[in-house]
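Chemist: This is the structure I want to talk about, given as structure tokens.
The values are calculated or read from the model by the stated rules, or taken from the named source; none is laboratory data. All values reported here derive from a predicted model rather than from experimental measurement. Note that we place each Cβ from the backbone using ideal geometry, even for glycine, and neighbour counts take in every protein chain shown.
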Amino acid sequence: MITIISYPNNIINESIAVSDTLESSEVISYINVDVSLATNEDFIEVAYNGETITLLITDECRYTPLNFYFINKDGAQQTITFFKKKTDSLSVTSEDFESDRGQPANGFHQFVKYNTNARKSFKINTGFVDESMNETMQQLYLSDKVWVVENGIVTPVNLKSTSLEFKTRQNDRLINYQAEFNYSFNEINTIW
């Protein structure tokens, strides 16, 4: 039995039965806890098989937290939440040619653009995290498949950042990671 309880008001109070089978279709592999339901709660405890995991609820008033899902070194899907500032950007590519269709004084373009497309990207910060996040960040950087959940929509992204400097509390005091991602598609769909 898996129990999920939020404290101090027990707004979230669920029990999930776990079968003793090894049939993969009947085994629970992931449990999603909607923390937004736990208003005025401090933490959530998930208990299974005599082991308890405590999830601390962080109220972020200024920025919208984003959940990233990625495939870790064990081939399992793992989640990391970035809590702080997100900066969006757009990179446009195009080609042009010199036209002889008419004079610019008559409203004709001398240089005509074509094959215009764009790709959005963003930089985002984790917020202050524990030194134990070094391994999770490494797994994120090594993952081939990453998704972000924005406004309830799962969107594929690619990590644009190519290097990671591991931070320690002794050297850096407060640990905050910044990562840059590209959305994994063009703004103008070129796939038929």
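Chemist: Please determine, by comparing only the residues of segment 108-152 that are among the basic types (Lys, Arg) and under 21 Å from Ile71 (Cα atoms), which one is surrounded by the fewest Cβ atoms within 10 Å (Cβ to Cβ).
Modeler: So the residue we want is Lys145.
Chemist: Can you tell me which of (1) farther than 29 Å from Lys145 by Cα; (2) among the charged types (D, E, K, R); (3) not in a strand (DSSP E or B) is the one Lys73 doesn't meet?
Modeler: (1)
Chemist: For residues that are assigned to a strand (DSSP E or B), among the aromatic types (Phe, Trp, Tyr) and within 14 Å of the chain's Cα centre (by Cα), tally how many sit in segment 76-119.
Modeler: Of the residues in that region, 1 qualify.
Chemist: Is it the case that segment 117-128 has a residue that's of a type in the set (S, T, N, Q) and farther than 26 Å from Val33 by Cα?
Modeler: Yes, that holds for at least one residue.
Chemist: Would you mind telling me which numbered condition in (1) of a type in the set (Phe, Trp, Tyr); (2) touching a Lys or Arg at 6+ places or on another chain (Cβ under 9 Å); (3) at pLDDT 95 or above Trp147 fails?
Modeler: Among (1) of a type in the set (Phe, Trp, Tyr); (2) touching a Lys or Arg at 6+ places or on another chain (Cβ under 9 Å); (3) at pLDDT 95 or above, Trp147 violates only (2).
Chemist: Does segment 140-147 contain at least one residue that is under 13 Å from the mean Cα position of the chain (by Cα) and closer than 20 Å to Tyr63 by Cα?
Modeler: yes
Chemist: So which residues in segment 82-94 are in contact with a Phe, Trp or Tyr (Cβ under 9 Å, 6 or more places away or on another chain) and in contact (Cβ under 8 Å) with a residue 40 or more places away in the chain?
Modeler: Those that are in contact with a Phe, Trp or Tyr (Cβ under 9 Å, 6 or more places away or on another chain) and in contact (Cβ under 8 Å) with a residue 40 or more places away in the chain: Phe82, Phe83, Lys84, Lys85.
Chemist: Go through the residues of segment 142-165 one by one and say whether even a single one is in a helix (DSSP H, G or I) and either under 24 Å from Ala76 (Cα atoms) or not β-branched (Val, Ile, Thr) (or both).
Modeler: yes
Chemist: Looking at (1) surrounded by fewer than 10 Cβ atoms within 10 Å (Cβ to Cβ); (2) without any contact (Cβ under 8 Å) to a residue 40 or more places away in the chain, find the lone condition where Thr155 falls short.
Modeler: (1)
Chemist: Another question, if that's okay. Quick check on this structure: which one of Thr3, Thr79, Thr52, Thr21 is touching a residue at least 24 places away in the same chain (Cβ under 8 Å) and among the hydroxyl-bearing types (Ser, Thr, Tyr)?
Modeler: Just one listed residue meets the conditions, Thr3.
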